[in-house]
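**Q** Let me give you the structure first, and then I'll get to my questions.
The values are calculated or read from the model by the stated rules, or taken from the named source; none is laboratory data. Small disclaimer: the values here were computed from a predicted structure and weren't measured. Positions of Cβ are backbone-derived with ideal geometry, glycine not excepted, and every protein chain shown enters the neighbour counts.
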Amino acid sequence: MAEIKGKTSQDIQNSIRELIQNGILKEGELLPNIRALATELEVNRNTVAAAYKDLALMGIVISKGRAGTQVRKNPQINSFENLQKTNQTFFDLAHGNPCQGFLPQLHDINFNFSAPYLYGDSTKLPDLETFARNEVFADISHKIAEIEFTHGAVDAIERILNAHLIQSDSIAIEQPGFITSIHTLQVNRFNMVFFPVTAHGYDIHSIRKALEQKAKAIVITPRAQNPTSYSLDAKTAQELHQLFSEYPDVLIIIDDHFSLLATTPYYHIVPESTRHWAVIRSVSKFLGPDFRFAFINCDPQTATRLRMKLNPNCTWVSHILQKMIFSLMTSDKVHQLMNKAKIHYQTKNQEIVKKLLDQNLLDLGYCDGLNLWIEHEQAQEIAYQLALMGWKVRLGKEFSLGQDIKGIRITTSELDEQKAMDLLNDLSFILTKIMTL
C-alpha cells in the first residue's frame with residue numbers, strides 16, 4: 001500500500017492527490033479504511049474522514065460506504081500527459097463566500113446606541129423599517145406590502161412556508177439550486193417538485209407543469225441564481241408574471257440573495273392578484289453571512305403570520321442587531337465597499353466568461369454573482385483535473401437531490417488578477433484536451 005502522510009486533513013488530501021498524480025495509487029484502488037489510517041498517522045478519525053470527504057466532493061475518489069473509499073476509475077490521466085503541475089495546497093473555489101476584503105469590520109459600526117430595549121417595545125426599529133422600504137426595496141412597487149425582518153434568508157423561507165402550508169404540500173423549487181433551501185424543505189417534509197435552471201434560463205414549461213400539478217408554493221431566485229449565476233431577463237420575467245397571474249393562490253417566495261450587489265435589474269414577477277408572496281433580501285453577501293439577518297417585503301397576511309411564527313420562539317430580531325445593520329447600511333464607507341465589491345465580482349466573472357467564449361471553448365452567458373457555472377457532460381473529469389492542478393470546485397450533484405447534474409460551480413470572489421489568469425489558463429488547457437478526446 002502506498003504511504004499516505006499528513007497530520008491535518010489538508011496534508012492528507014495533498015498526500016493522496018500526489019500519490020494519484022504520480023500513478024502510485026491506481027484507479028479503482030481502495031484507500032485504507034479511516035480507522036486504520038488514523039491509527040497509522042496518529043491522528044483523529046475525523047481528520048481522515050474529512051480528508052476523504054473533501055476528495056470525494058472534488059471527484060478524485062468515490063465513497064462506497066462500508067465497501068470503502070476508492071480512487072475514481074477511468075480518470076483519463078493518459079489524455080493529459082502534458083499535465084505536470086502538482087500544487088501542495090488547494091486554492092478554494094468551492095466555498096461560495098463573498099470576498100472578506102469587501103465586508104465591513106466591527107469597528108465600522110456606530111455603537112452609540114440609546115437606552116436598552118425592553119419587553120413590550122416595538123419589535124422593529126422605525127429607522128430601519130423606513131430604510132428598508134425606501135432603499136432596500138425601492139425597486140418594488142406593490143400596492144399593499146409590509147416590511148418584516150428575520151434571522152436570514154433560509155429562516156425566512158422556512159417560517160413563511162410553515163406559516164402557509166402543511167407537511168406533504170408540494171413546492172416548486174429550482175434544480176440545481178441552493179442546497180440549504182432544498183434541505184430545509186426536505187427536513188420540513190414538504191414534497192418538492194423540481195424545475196430545471198441553466199446558465200441561460202429557467203424552463204418555463206416545467207414551472208407551468210409544477211403549478212398544474214397543484215404546487216402550493218414556488219421558491220425562485222431572480223438574480224445571480226446559485227449555482228448557475230443566471231438572472232431573469234425582461235422577457236422571461238414577463239412570461240413568469242403572466243403565468244403566476246393564472247395561479248393567484250400559489251405562494252411566491254423570491255430569494256433575491258444578491259440584491260444590492262447585482263448588476264442585473266430586478267424584475268418583479270409577482271402579480272397584484274397573488275394573495276401571498278414575499279421578497280427576501282439578506283445581508284449575507286454585502287455585510288457578511290454571520291449577521292444572520294434578512295429584510296422581507298411581503299403581503300400583509302404573510303407579515304402577520306411571520307410575526308406569529310417568530311413569537312413562540314425568538315419573539316423578535318434583536319434590536320442590537322437591527323441597530324448594527326442600520327449603522328452599517330447608512331455608512332458611506334460601507335457603501336463604497338459595496339460598490340467596489342459589485343465591480344470586482346462582475347469584472348472577474350465576465351473576464352473569464354469572455355476569454356472562454358473568445359477561445360470557442362464555452363458560452364457561459366452573463367454571470368452575475370459570486371460564481372461561474374460550467375455545464376458540461378465531462379464535468380466530473382473537469383473537476384478531477386482541476387483538483388490535480390490545485391483548484392477545489394463544487395460538482396453539480398451537490399446542488400440537487402436524486403439527480404446527477406452535469407456541471408461544476410466555481411466561486412470567483414477571492415480571485416485576484418494573477419489567480420484569475422492561472423485559473424483561466426488551466427481551465428482552457430483542460431477543456432481543449434477534452435474536446436480532442
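**Q** From the list LEU260, LEU287, exactly one residue is part of a loop (DSSP other than H, G, I, E, B), out of contact with any Gly (no Cβ under 6 Å at 6 or more places or on another chain) and of a type in the set (A, V, I, L, M). Which is it?
**A** That would be LEU287, the only listed residue that is part of a loop (DSSP other than H, G, I, E, B), out of contact with any Gly (no Cβ under 6 Å at 6 or more places or on another chain) and of a type in the set (A, V, I, L, M).
**Q** Okay, next question. Could you list all residues from segment 2-48 that are within 19 Å of PHE91 (Cα to Cα) and in contact with a strand residue (DSSP E or B) (Cβ under 8 Å, 6 or more places away or on another chain)?
**A** Those that are within 19 Å of PHE91 (Cα to Cα) and in contact with a strand residue (DSSP E or B) (Cβ under 8 Å, 6 or more places away or on another chain): ILE16, ILE20.
**Q** Also, quick follow-up: What helices (runs of 4 or more DSSP H), lying completely within segment 112-205, carry at least 3 residues that are modelled with pLDDT of 90 or more and under 30 Å from ARG409 (Cα atoms)?
**A** By residue number, 153-164, 179-187.
**Q** Still on this model: Of all residues in segment 123-137, how many are of a type in the set (D, E, K, R) and within 16 Å of ALA303 (Cα to Cα)?
**A** Counting residues in segment 123-137 that are of a type in the set (D, E, K, R) and within 16 Å of ALA303 (Cα to Cα) gives 3.
**Q** If we scan segment 212-224, do we find a residue that is among the hydroxyl-bearing types (Ser, Thr, Tyr), crowded, with 23+ Cβ neighbours inside 10 Å and within 21 Å of VAL270 (Cα to Cα)?
**A** Taking every residue of segment 212-224 in turn, at least one turns out to be among the hydroxyl-bearing types (Ser, Thr, Tyr), crowded, with 23+ Cβ neighbours inside 10 Å and within 21 Å of VAL270 (Cα to Cα).
**Q** When you look at LEU386, is it assigned to a helix (DSSP H, G or I), buried (at least 17 other Cβ atoms within 10 Å of the Cβ) and touching a residue at least 12 places away in the same chain (Cβ under 8 Å), yes or no?
**A** yes
Yes/no matrix, rows are residues, columns are (1) buried (at least 20 other Cβ atoms within 10 Å of the Cβ); (2) in contact (Cβ under 8 Å) with a residue 60 or more places away in the chain:
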{"position": "GLN105", "(1), (2)": "no, no"}
{"position": "ASN112", "(1), (2)": "no, no"}
{"position": "ALA115", "(1), (2)": "no, no"}
{"position": "ASP127", "(1), (2)": "no, yes"}
{"position": "ASP139", "(1), (2)": "no, yes"}
{"position": "ILE147", "(1), (2)": "no, yes"}
{"position": "ALA156", "(1), (2)": "yes, yes"}
{"position": "THR180", "(1), (2)": "no, no"}
{"position": "HIS183", "(1), (2)": "no, no"}
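**Q** So, one more: Residues ALA210, ALA215: which one is part of a helix (DSSP H, G or I) and under 17 Å from LEU165 (Cβ atoms)?
**A** ALA210
**Q** Going through GLU381, GLU351, GLU375 one at a time, which residue ends up being in contact with a Gly (Cβ under 7 Å, 6 or more places away or on another chain) and buried (at least 16 other Cβ atoms within 10 Å of the Cβ)?
**A** Residue meeting the stated conditions: GLU375.
**Q** Name the residue that is nearest to GLU212 (Cα to Cα), counting only residues in segment 269-285 that are aliphatic (A, V, I, L, M) and under 16 Å from the mean Cα position of the chain (by Cα).
**A** ILE280
**Q** Quick check on my filter: what residues within segment 230-252 are β-branched (Val, Ile, Thr) and either at pLDDT below 95 or surrounded by fewer than 21 Cβ atoms within 10 Å (Cβ to Cβ) (or both)?
**A** Within segment 230-252, THR236 is the sole residue that qualifies.
**Q** Across segment 271-308, which residue is nearest to ILE144 (Cα to Cα) among those that are surrounded by 24 or more Cβ atoms within 10 Å (Cβ to Cβ) and basic (Lys, Arg)?
**A** If we take residues in segment 271-308 being surrounded by 24 or more Cβ atoms within 10 Å (Cβ to Cβ) and basic (Lys, Arg), then ARG281 is nearest to ILE144 (Cα to Cα).
**Q** Within segment 51-71, which residues are closer than 11 Å to ILE16 by Cβ, out of contact with any strand residue (DSSP E or B) (no Cβ under 7 Å at 6 or more places or on another chain) and not hydrophobic (A, V, I, L, M, F, W, C)?
**A** Hit for segment 51-71 is ASP54, nothing else.
**Q** Name the residue that is surrounded by the most Cβ atoms within 10 Å (Cβ to Cβ), counting only residues in segment 41-66 that are part of a helix (DSSP H, G or I) and in contact (Cβ under 8 Å) with a residue 24 or more places away in the chain.
**A** ALA51
**Q** Give segment 229-268 a look and list any residue that's within 19 Å of the chain's Cα centre (by Cα) and hydroxyl-bearing (Ser, Thr, Tyr), or say none.
**A** SER229, TYR230, SER231, SER259, THR263, THR264, TYR266
**Q** Can you find, within segment 21-40, the residue that is surrounded by the fewest Cβ atoms within 10 Å (Cβ to Cβ) among those that are in a helix (DSSP H, G or I) and at pLDDT 85 or above?
**A** Only one residue fits best here, namely ARG35.
**Q** Let me ask you something else. Might you check whether a residue that is part of a helix (DSSP H, G or I) and of a type in the set (Ser, Thr, Tyr) occurs anywhere in segment 389-400?
**A** So far as segment 389-400 goes, no, none of its residues is part of a helix (DSSP H, G or I) and of a type in the set (Ser, Thr, Tyr).
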